[in-house]
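Chemist: Please find one structure pasted underneath; my questions will follow.
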Amino acid sequence: MSPSGIRPRVRDAIIQSLRAGVVPGIGLRHIQVGRRDEVEAMIRDLDRVADAGSTFRLIVGEYGSGKTFFLNLVRTIALEKGLVTAHVDLNPDRRLHATGGQARSLYRELMRNLSTRTRSDGGALPSVVERFVSSALAEARQQGVGPESVVRDRLQQLTEMVGGYDFAEVVAAYWRGHDLGDEELKGNAVRWLRAEFSTRTDARAALGVRTIIDDDQIYDHLKLFARFLRLAGYSGLVVCLDEMVNLYKLSSGRARKSNYEQLLRILNDSLQGHAVGLGFLLSGTPEFLFDTRKGLYSYEALESRLTQNTFAVDGLVDHRGPVMQLENLGPEDLFVLLGKIRHVFAGGERQSYLMPDDGLVSFMRHCSETIGDAYFRTPRNTVTQFVNLLSVLEQNPGVAWQDLVGQVQVEADPGPEAEGLEAEGDSDDADEADDDELASFRL
Amino acid sequence: MNDRPLGAGCVSLIGLGAIVLLSMEGGARWAALGLLALVGVILIAMRGSEPAKRDSQPGYQGPRPEVRGVSSSSTHRHDSPRTTITYHVDLSPASHRSSPRAQVDPDDVWVPPGSSMRVVGYDLPGGMIYVGRTLEAPGGWSEEPALIDPKLAVDRNHPDRQGEHLTYWPTYRGLPPASRSAYLEWLAEGRQDPAAPIGYVFLFYYGIERRLLVDRERSSRAPAESVVLLSEVERLASIYGSNASFARCSSSLLAFCRLRDGDASLELPEPFPEPPEYLVESRGSELPLELRYRLGQLLAAGRPLPAEWALAWFVASPGASLRTAARRCPEMFRRLFVHRYRESYGKGLTVRPNRTRLKVTYWPASPTLRGDHSVTLDLPDVGRLEAPLRKIGELADAVTDELDPYSRWLGRNPDQGGALPALALLPTPLLEEAESRDLDSFLMVLNKSLGQGDRTELGTDELLALWPSRKADRLSKKESASLSQLLEKLGMGIEPDVRFGGSPLKSAGRAVLFSLGDKAPSAASPDYSAASLLLHLATVVATADGEVSIAEERHLQEHLESALHLGPGERTRLDAHFAWLLADPPGFAGLKKRLEVFTQEQRHGIASFMVAVAGADGRIDAEEVKILARIYELLGLEPESLYSDLHGLAAGSGPATEPVTVREAGPSRPGFAVPAKPRTDPPDTGFGLDMERVAELRRVSEETGRLLAELFQEAEAEAGDRPFVVSGDDVAGVVEGLDTGHSALLRALAASETWSRSDFEALSDFFGLLPAGALETLNEAAFERCDAPLLEGEDPYAVDLDVVQEMLS
């Protein structure tokens, strides 16, 4: 396959996502613009993870600066490197720490979104387990022993980790389910691994194990899972946590603090090399990091570890610290981006371009006249409208781009919705006032 | 085209346009202008330049059709107190581009519903069309696309019935004569030919849209026609609803007009209606209006969402996707969803209403009507809520997972949905409603055997006769597992059960059938596995003296149960397992192999336990010693240690002179009681068990138990279910980066460009591979080698034959 060729499935996926105003899940390299240093830094990070190391990166950028895009891009690079990825958007129902099932819910979503290179759009958990079991099966056949004992032997080293014993049991149950044609048992094993069991009793009846993956264990289980992946032949696990700002928005100071404590634990493990083959990629807005009342900087232990390198000012950027700041896009970036979208639209064929560079410029001018700088600062709508424009041009070959560009309706992106956040299940809401008092004292 | 008089509505139109434009938001105005300009440019380009002429006198106004059967009374309500309605009609400012068209009162060219009209030789029944020389589109720069100009040429001899010359936005004027005749033909035939190209339907629909959305503002007759026009839209939707975009437009127009005309109350109707059926295939970029309206009503009233509405919300939401199982068995999916939803949420999820008001906007299909047609209702807009939708989506996902095994069976055996192995895959709530003759006769046999009791023994032949199997005299492991599953869903258990380490059913054997309680386990815990193995060994010992002492057995069993902390469900099963051991004693067969895997420490534990069991009746006879010696040998322990253990038992904690507390007195366990046979020995002889050893046993039992499934499985391998094994001779066929099994699979896949999921699974199975794992491994290797996947898609999988070639080369 030629490097410029774009497979139709990838092309359609990109266009469809851009049209809907979301970051595509695949094919991102075709529309990546700039950020060379950042990408290089991330590649070094990923190599370290693949080399049984760990990483912790906090991607910080304004609304519209492309955090999610960057996260997804790194995710696809990770997949190329034989890493497995899991991603999730945090929201009030999905947190790192909780007592009401919200952390389990985060883990569940991570496992649902588990992706490998060959299943880049999620749902790879059974594939990963089966790949592990398959290789155990091959070994068993070679050695003339029972597959289940090979499965257990291989998982032996996990049983010393938190939750490892039952984890091994459950993987063995998956194999048994396959062997007996017992779909239910297989299904239950997958459900357990996805943290979908909410009570121990149910887990015991379904699988004969005593424990479940619960709120207080999700990080331990991620560590465990990363090790398991290495046993299954992958290089490790990269966990992407997007929309971290939702932790910042938690109204209960106590809930916020316990989530930040969990982050600190992850960060410490990573800095001290306790996590094997496990990387964390987080993204958040500047206030999530810097706000000294509610942000990460409100928690001293985190602040001291995340503080910016003081030498990194005035355009000199240090990409070795755990925090990576994404600059906003400029008009030039957008121009290149639109060019790439045009290229994707044409399936990678130059002769099929629907408009020349002049067209891009005049489109940008039109947007600029309509909504000002927002057209490149928060380019979501600009991009969506550009894709729509190309679609119209494609469907109506007789129409000239000059006639259309001026008619495009583009609106400024209003930014994140303030509404619709539900605080249900926030049992410690009542303590809000007290906690905030305490928080301000600490500072 | 020279007579182009100014329509009577010109002044009012401009006035209205000015007001409306002022009231429009900047973005929307630009949107409207932009789109209109675009259409205008296209239309003008198509038609060439035309002289602009304005005239203050009404001139030719098209034919005046005879009006029949149109109600003139207007019953609609416009503003209910809590509803704000804004009409935005798109009009360009006159200075922007001068209109070349004369203004005609739309009423003058409109053929009202129920009227007939003869146009260029076609009798067009039913009205609802515009016929005339000219009619300005609401935007003002172009002509109404739906206007039938009788002066335009029509090619009657070559009607374009396939719609080959239709464009994306057809206009009657823009159609070539051949297409015009096909369109008129369709109208003349009553607008009902289901094979008609959708473009013709839309062309007609444009007119109705205009009448419903625009004309009503200046015509006194138009509002009264609403009801008739809407039912026409409904009729069209019933014929052309299979076209996703028509379905979307029409349902959205219906909902919009009904809300606008005030037919839609904000109060909660009693009883609350059922949702219409939504198809995931026809969902649009936002939730259908009716759904948002009804859900908004529920939220506003603080009422829980009924299951059917929750499902409709999910299915119709833009981000929804339904996997194969839900699409293959839609009715089952719906029923199971409703069931599970009620289990989780009782009467339903209660969602806190959000603040965003429901602004109902209709985006017309007609290119000339683009713009903002909206109504704002005092109801929350559920379209903005994500959290509840996520919850519903998770449930729908879980339900799909549950249904997946059955769906895949149906994929493999489309006409075998009622067969017993298929029913074994159905989730319990669906099984309860299933209608199957096979199931009826199966249940009859079971009920006859079990009667009112909790447990019974029966010949395996009875079951084998009912269960479809490849071999007549026994079930395979998988067939046996399937039988156990169906029984479990019917509330019954069977021993032996392959899922708990038993062997598959064979003919001429015995089986024990029993009722399962609540929360019965469907997989063995390590404790249970340990208990069943010890029980097995103990039975061998206990039956060695030729008679089974009921006392021995019961004590043993109770000890196992309490010492190993078995749950109630496990106890019931262990009872049944025990009954089976007595009914069909398995003997020493295969035991040695099973015991090999234990550590020395574990073996000692087992040995001591066995000695204690033998001494349970207060005496150990020579026959028992012989058997124990045999067990020691099996365990690989020195025979001498047996004698010292026996001595230890006799000398130390030997048979007690007083009853030993085995278990604290308490309410007797529910479940069966061992049939009261006349006893030779009084039950209160008591026995001595070294409880410390038992405790130790418990400690090691977890590890022990782990090994057990393994053991049983090896015993099973003897039964001949051997998976495909690639012999060493095949090494030549190994593909780089793959092992023998995957290489063989790759070669087999090369035979076809597509593989259904079930065929792929069968093939993987044949090569002894797990399907999802094999897919992963093959694709991974393909990426390494060719930077592209080998298999794509879900069901069926598409094989990239170029990649195959490259991998095999």
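Chemist: So which residues in segment A:180-190 are buried (at least 22 other Cβ atoms within 10 Å of the Cβ), more than 7 Å from every other protein chain (Cβ to nearest Cβ) and of a type outside the set (Gly, Ala, Ser), if there are any at all?
Modeler: A:Lys186, A:Asn188
Chemist: So which residues in segment A:336-360 are free of Cβ contacts under 8 Å to residues at least 40 places away in the same chain, crowded, with 17+ Cβ neighbours inside 10 Å and part of a helix (DSSP H, G or I), if there are any at all?
Modeler: Result: A:Leu360, single match.
Let's see how each residue does on (1) within 14 Å of chain A (Cβ to nearest Cβ); (2) out of contact with any strand residue (DSSP E or B) (no Cβ under 6 Å at 6 or more places or on another chain):
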site	(1), (2)
B:Met444	no, yes
B:Asn447	no, yes
B:Gly451	no, yes
B:Gly459	no, yes
B:Leu464	no, yes
B:Trp467	yes, yes
B:Lys471	no, yes
B:Arg474	no, no
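Rundown of residues vs (1) part of a helix (DSSP H, G or I); (2) at pLDDT below 85, yes/no style:
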site	(1), (2)
B:Glu343	yes, no
B:Val351	no, no
B:Val360	no, yes
B:Pro364	no, yes
B:Gly371	no, yes
B:Leu379	no, no
B:Glu402	yes, no
B:Asp415	no, no
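Chemist: Return the only residue of B:Val338, B:Val315, B:Val360 being under 23 Å from B:Cys257 (Cβ atoms) and more than 14 Å from every other protein chain (Cβ to nearest Cβ). I'd like the intermediate steps shown before the answer.
Modeler: Details: B:Val338 fails: under 23 Å from B:Cys257 (Cβ atoms); B:Val315 fails: under 23 Å from B:Cys257 (Cβ atoms).
Only one candidate qualifies: B:Val360.
Chemist: Kindly establish whether A:Glu80 is more than 13 Å from the chain's Cα centre (by Cα), within 14 Å of another protein chain (Cβ to nearest Cβ) and over 24 Å from A:Arg44 (Cα atoms). Give the derivation first.
Modeler: Working: more than 13 Å from the chain's Cα centre (by Cα): yes; within 14 Å of another protein chain (Cβ to nearest Cβ): yes; over 24 Å from A:Arg44 (Cα atoms): no.
For A:Glu80, the condition - more than 13 Å from the chain's Cα centre (by Cα), within 14 Å of another protein chain (Cβ to nearest Cβ) and over 24 Å from A:Arg44 (Cα atoms) - is not met.
Chemist: Taking the conditions exactly as written (surrounded by 15 or more Cβ atoms within 10 Å (Cβ to Cβ) and within 13 Å of chain A (Cβ to nearest Cβ)), does B:Ala300 satisfy them or not? I'd like the intermediate steps shown before the answer.
Modeler: Values: surrounded by 15 or more Cβ atoms within 10 Å (Cβ to Cβ): yes; within 13 Å of chain A (Cβ to nearest Cβ): no.
Judged against the criteria, B:Ala300 is not a match.
Chemist: Of all residues in segment B:176-194, how many are without any contact (Cβ under 8 Å) to a residue 24 or more places away in the chain and in a loop (DSSP other than H, G, I, E, B)?
Modeler: So the count comes out to 3.
Chemist: Answer with yes or no whether A:Ser149 is over 17 Å from the mean Cα position of the chain (by Cα) and not acidic (Asp, Glu).
Modeler: In short, yes.
Chemist: Can you name every residue in segment B:288-320 that is free of Cβ contacts under 8 Å to residues at least 40 places away in the same chain and charged (D, E, K, R)?
Modeler: Answer for segment B:288-320, where residues must be free of Cβ contacts under 8 Å to residues at least 40 places away in the same chain and charged (D, E, K, R): B:Glu290, B:Arg294, B:Glu308.
Chemist: Checking A:Arg154 against (1) assigned to a helix (DSSP H, G or I); (2) at the interface with chain B (Cβ under 10 Å from one of its Cβ atoms); (3) not hydroxyl-bearing (Ser, Thr, Tyr), which test does it fail?
Modeler: Exception for A:Arg154: condition (2).
Table: residues versus (1) touching a Leu at 6+ places or on another chain (Cβ under 7 Å); (2) more than 14 Å from chain B (Cβ to nearest Cβ); (3) assigned to a strand (DSSP E or B).
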site	(1), (2), (3)
A:Arg29	no, no, no
A:Thr76	yes, no, no
A:Ala86	yes, yes, yes
A:Ala98	no, yes, no
A:Ser105	no, no, no
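Chemist: I would also like to ask the following. With the requirement that a residue be farther than 14 Å from A:Phe228 by Cβ and either facing chain B (nearest Cβ under 7 Å) or part of a loop (DSSP other than H, G, I, E, B) (or both), what does segment A:113-133 give you?
Modeler: Kept after step one, since they are farther than 14 Å from A:Phe228 by Cβ, are these residues of segment A:113-133: A:113, A:115, A:117-123.
If the condition is that a residue be farther than 14 Å from A:Phe228 by Cβ and either facing chain B (nearest Cβ under 7 Å) or part of a loop (DSSP other than H, G, I, E, B) (or both), then A:Asn113, A:Arg117, A:Thr118, A:Arg119, A:Ser120, A:Asp121, A:Gly122, A:Gly123 are the ones that fit.
Chemist: In segment B:764-787, what residues are charged (D, E, K, R) and more than 7 Å from chain A (Cβ to nearest Cβ)?
Modeler: To start, the set of residues in segment B:764-787 that are charged (D, E, K, R) comprises B:765, B:776, B:780, B:784-785, B:787.
Those that are charged (D, E, K, R) and more than 7 Å from chain A (Cβ to nearest Cβ): B:Asp765, B:Glu784, B:Arg785.
Chemist: Can you say whether A:Arg204 is in contact with a Ser or Thr (Cβ under 8 Å, 6 or more places away or on another chain), at the interface with chain B (Cβ under 8 Å from one of its Cβ atoms) and part of a loop (DSSP other than H, G, I, E, B), as far as the supplied structure shows? I'd like the intermediate steps shown before the answer.
Modeler: On the way: in contact with a Ser or Thr (Cβ under 8 Å, 6 or more places away or on another chain): yes; at the interface with chain B (Cβ under 8 Å from one of its Cβ atoms): yes; part of a loop (DSSP other than H, G, I, E, B): no.
No.
Chemist: Out of curiosity, is A:Asp12 more than 27 Å from A:Tyr234 (Cβ to Cβ), free of Cβ contacts under 8 Å to residues at least 12 places away in the same chain and surrounded by fewer than 22 Cβ atoms within 10 Å (Cβ to Cβ)? Spell out how you get there, then give the answer.
Modeler: Values: more than 27 Å from A:Tyr234 (Cβ to Cβ): yes; free of Cβ contacts under 8 Å to residues at least 12 places away in the same chain: yes; surrounded by fewer than 22 Cβ atoms within 10 Å (Cβ to Cβ): yes.
Yes: the conditions hold for A:Asp12.
Chemist: Also: Being under 18 Å from B:Val104 (Cβ atoms) and crowded, with 24+ Cβ neighbours inside 10 Å is the filter here; which residues of segment B:173-208 pass it? Reasoning before the result, please.
Modeler: Taking segment B:173-208 as the starting set, the residues that turn out to be under 18 Å from B:Val104 (Cβ atoms) are B:173, B:206-207.
If the condition is that a residue be under 18 Å from B:Val104 (Cβ atoms) and crowded, with 24+ Cβ neighbours inside 10 Å, then B:Tyr206, B:Gly207 are the ones that fit.
Chemist: Sticking with this structure for a sec: Among B:Gly348, B:Gly417, B:Gly383, which is the only one that is within 30 Å of A:Arg94 (Cα to Cα) and more than 11 Å from chain A (Cβ to nearest Cβ)? I'd like the intermediate steps shown before the answer.
Modeler: Working: B:Gly417 fails: within 30 Å of A:Arg94 (Cα to Cα); B:Gly383 fails: more than 11 Å from chain A (Cβ to nearest Cβ).
The match here is B:Gly348.
Chemist: Now, a different point. Identify, please: which residue in segment A:166-177 is facing chain B (nearest Cβ under 8 Å) and of a type outside the set (Asp, Glu) and is, among those, farthest from A:Ala226 (Cα to Cα)?
Modeler: First, pick out the residues of segment A:166-177 that are facing chain B (nearest Cβ under 8 Å): A:169, A:172-173, A:176.
Now narrow it down to the ones that are of a type outside the set (Asp, Glu): A:172-173, A:176.
Values: A:Ala172: 18, A:Ala173: 20, A:Arg176: 23 Å.
Going through the qualifying residues, I end up with A:Arg176.
Chemist: Residues that are within 12 Å of chain B (Cβ to nearest Cβ), in contact (Cβ under 8 Å) with a residue 60 or more places away in the chain, over 17 Å from A:Ile43 (Cβ atoms) and touching a strand residue (DSSP E or B) at 6+ places or on another chain (Cβ under 8 Å): does segment A:67-74 have at least one? Before the answer, list the steps.
Modeler: The first filter runs over segment A:67-74 and keeps only residues within 12 Å of chain B (Cβ to nearest Cβ), leaving none.
There is no residue in segment A:67-74 that is within 12 Å of chain B (Cβ to nearest Cβ), in contact (Cβ under 8 Å) with a residue 60 or more places away in the chain, over 17 Å from A:Ile43 (Cβ atoms) and touching a strand residue (DSSP E or B) at 6+ places or on another chain (Cβ under 8 Å).
The values are calculated or read from the model by the stated rules, or taken from the named source; none is laboratory data. No experiment lies behind these values; they were computed from the predicted model shown. Quick reminder, even Gly has a Cβ in these numbers, built from the backbone with ideal geometry, and neighbours come from all protein chains shown.
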